[in-house]
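Inspection log for the structure reproduced underneath, given as structure tokens.
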Amino acid sequence: MGSATYAAKVWINGTAVGEHMGGHLPFTFDITSTVNWGEKNRISIQIENILKPDRVAPGNVNGGPFNSFPSANYDFFPYAGLNRPIWLFTIPAKSSIRDITLTTDFENSTGYIQVEVEKYGNTKNGSIILSDGEYRIEEPLTFSKDQAVVTIEIPNVKLWSPSSPFLYNVEVSIIEDDSPVDMYTMETGVRTVSVTENEILLNGNPLFLKGFGKHEDFPIFGRGSAYPVMVKDYELMKWTGANSFRTSHYPYDEEFYKMADREGFLIIDETPSVGLFFNDDSASISLREKQCKRYIEEMISRDKNHPSVIMWCVANEPFPSNLGAQGFNGTSQMTEESKIAEAFLSGLIAYAKELDSTRLVTFVGVMGGPSSWMKSCDIIAINRYWGWYTNVGDFSSALKYLEGEMDMLHSQLKKPVIITEFGADAIAGMHALEDEIYSEEYQTKLIKSYLDIAETKNYVAGMHVWNFADFRTGQSLIRVGGMNLKGVFTRDRKPKQAAHYLRSRWNSEMKE
Ligand code: GCB
């Protein structure tokens, strides 16, 4: 199942075959023994979508920051249910491929793809064919127990990057009695990702992320796999000159990643761990931690072979209960709660790194959250709303605070900074001569000012505007019509002034 939010139970012909907790990521049940082969079968799926504090993402939190209905602890509508494809499939009974992990590297003009294959069954041999239309490399696979690892060398490698998203075909087969019993084909690109104190490097070259935080959200159906909308969104992102986006605030449909591989988009892949808090009982915290780790496992195992995915984001805006009291200037005392949060978050980061050491790992920090929480992140990813939630309408002080804070964080943590969210709500069609909030001009000016400041800082490695398009939220006094209006496109994808502005600015800059 592609995604079932939140708790799913499945029966085949009345017999329970499995349960799964958490949305936005796939899971599979073996139904071999419960199926009536060659006959009609009844598949029953039950989804339960109750918002609870110890779930991830949490809801119905006592004293949570969002005073909205439904009471989610995050700022998007808690659409639930089955909103991605469901597949019935068979695998060969005797032997089959269980998993494939590709990791890539290069030295001078030689590329390397390490292919790690796991299988079930007695098969001892297999093969890998790598082809690019021009030439073909075939390597044998020899399993020891259920694993085989081969590194393929590619002379005159064509590296993958946004300006040249070159993909190789990889075909893995396992063989029994000289004939293939199972085969899996995929596309991959050869590229490396690394980080210095000031920069993110793609294939050893500095990279600047230009793009958006997004949502899987569209009028009429809310959330769901909608491939025409996906294609439109890529077209619009290209039109603005963007090269990247974050899958805020949950992993998207798998087709998004395949298309990013082909189109040369870079993805910060985010788990559904949004709205985490740390001031309730330890049993609830550890339940949440377990679920966050399960999400990391499921996300990495699904998305690990996409060259487009350059970074894992293990949480968005975990927040301290004294956030309001601290003000928004990032100062914090080391409270007991803060220590719990720091251990929790660095545990998630370490876990993601343990599962995949080839990509960057971070979480996204909330405005006013303690900077010490970010110590184990590879980059400083922050959401900032100076000029919107604070110092609203007052650009000169808002921008002074923004700049001061960026400098402070970088000098403390010595890592590149990405502003993963900044923006302002704009009602499409509302215009103003002065700096008036909710106008298209105010939104454009705020975005421009943030980009101008970022341009003067050599440690800024990316700027993601919040949001690509207006999206549905819970109802509250600051969400007119139950909508977050920070999109540079409307919910039905019409450009606001800010989209035109980004197009003229980003298209005149280099792509990577
Ligand atoms: C944030 C959240 C995002 C919200 C946004 C806003 O910091 O990460 O989910 O939608 O602010 O517009 O308030």
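The values are calculated or read from the model by the stated rules, or taken from the named source; none is laboratory data. Not measured: the values here are computed from a predicted model. Cβ placement follows ideal geometry from the backbone for every residue including glycine, while neighbour counts extend to all protein chains displayed. Keep in mind that these areas ignore ligands, DNA and RNA; they rest on the heavy atoms of the full protein, side chains included. Shrake-Rupley method; radii C 1.70, N 1.55, O 1.52, S 1.80 Å.
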> Residues of region 449-482 being more than 14 Å from the ligand (Cβ to nearest atom), among the small types (G, A, S) and either surrounded by 19 or more Cβ atoms within 10 Å (Cβ to Cβ) or in contact (Cβ under 8 Å) with a residue 24 or more places away in the chain (or both), which ones?
Replying inline: S449, A454, A461, G462
> Can you find even one residue in region 490-497 that is part of a helix (DSSP H, G or I) and surrounded by 24 or more Cβ atoms within 10 Å (Cβ to Cβ)?
Replying inline: no
> Looking at region 192-205, is at least one residue more than 16 Å from the ligand (Cβ to nearest atom) and either within 29 Å of F27 (Cβ to Cβ) or part of a helix (DSSP H, G or I) (or both)?
Replying inline: yes
>> Between L409, L485, L413, L446, which is away from the ligand (no atom under 13 Å from the Cβ) and either within 27 Å of P70 (Cβ to Cβ) or touching a Gly at 6+ places or on another chain (Cβ under 9 Å) (or both)?
In response: L409
> Do we have any residue at all in region 23-35 that's in a loop (DSSP other than H, G, I, E, B), among the aromatic types (F, W, Y) and open to solvent by less than 30 Å² (accessible area, probe 1.4 Å)?
Replying inline: yes
>> For region 342-370, give me each residue that is within 16 Å of the ligand (Cβ to nearest atom) and either outside the structural domain of H464 (by TED's automatic domain parsing) or in a helix (DSSP H, G or I) (or both).
In response: L345
>> Going through T188, T196, T192 one at a time, which residue ends up being of a type in the set (V, I, T), touching a residue at least 60 places away in the same chain (Cβ under 8 Å) and farther than 26 Å from T101 by Cβ?
In response: T196
> Do you know which residues across region 341-357 are in contact with a strand residue (DSSP E or B) (Cβ under 8 Å, 6 or more places away or on another chain) and among the small types (G, A, S)?
Replying inline: A352
> Only one of (1) out of contact with any Gly (no Cβ under 8 Å at 6 or more places or on another chain); (2) surrounded by 14 or more Cβ atoms within 10 Å (Cβ to Cβ); (3) among the charged types (D, E, K, R) fails for E39. Which number is that?
Replying inline: (2)
> Of all residues in region 419-441, which are open to solvent by 60 Å² or more (accessible area, probe 1.4 Å) and within 16 Å of the ligand (Cβ to nearest atom)?
Replying inline: I427, I437
>> When you check S338 against the structure, is it closer than 22 Å to E405 by Cβ, open to solvent by less than 10 Å² (accessible area, probe 1.4 Å), among the polar types (S, T, N, Q) and more than 16 Å from the ligand (Cβ to nearest atom), yes or no?
In response: yes
> Taking region 250-271, which residues are touching a Cys at 6+ places or on another chain (Cβ under 9 Å) and within 15 Å of the ligand (Cβ to nearest atom)?
Replying inline: I268, E270, T271
>> Please go through region 231-249 and give me each residue that is among the hydrophobic types (A, V, I, L, M, F, W, C) and within 16 Å of the ligand (Cβ to nearest atom), ordered by number.
In response: F245
> When you look at D99, is it of a type in the set (D, E) and modelled with pLDDT of 95 or more, yes or no?
Replying inline: yes
> Residue check, L502 against (1) away from the ligand (no atom under 12 Å from the Cβ); (2) closer than 30 Å to A72 by Cα, all met but one. Which one?
Replying inline: (2)
> If you check S286, S225, which single one turns out to be open to solvent by 10 Å² or more (accessible area, probe 1.4 Å) and not in a loop (DSSP other than H, G, I, E, B)?
Replying inline: S286
> List the pairs whose first member sits in region 419-440 and is charged (D, E, K, R), whose second member is at pLDDT below 95, and whose Cβ atoms are under 7 Å apart, counting only residues at least 6 apart or on separate chains?
Replying inline: D435/G393; D435/F395
>> Could you list, ordered by first residue, the pairs with Cβ atoms under 7 Å in which the first is in region 49-75 and open to solvent by 80 Å² or more (accessible area, probe 1.4 Å) and the second is of a type in the set (F, W, Y), at least 6 apart or interchain?
In response: N49/Y6
>> For region 47-100, give me each residue that is of a type outside the set (G, A, S), touching a Lys or Arg at 6+ places or on another chain (Cβ under 7 Å) and under 27 Å from K119 (Cβ atoms).
In response: I97, R98
>> From the list W388, W373, exactly one residue is in a helix (DSSP H, G or I) and either of a type in the set (D, E) or in contact (Cβ under 8 Å) with a residue 12 or more places away in the chain (or both). Which is it?
In response: W373
> Which condition does P78 not pass, out of (1) part of a loop (DSSP other than H, G, I, E, B); (2) open to solvent by 30 Å² or more (accessible area, probe 1.4 Å), if it passes all the others?
Replying inline: (2)
> Mind checking which residues of region 374-389 are of a type outside the set (V, I, T) and within 15 Å of the ligand (Cβ to nearest atom)?
Replying inline: A381, N383, R384, Y385, W386, G387, W388, Y389
> Can you name the number of the only condition in (1) more than 24 Å from the chain's Cα centre (by Cα); (2) open to solvent by 70 Å² or more (accessible area, probe 1.4 Å) that V17 fails?
Replying inline: (2)
> Does F106 satisfy the condition of being touching a Phe, Trp or Tyr at 6+ places or on another chain (Cβ under 9 Å), farther than 30 Å from K158 by Cβ, open to solvent by 20 Å² or more (accessible area, probe 1.4 Å) and modelled with pLDDT of 95 or more?
Replying inline: no
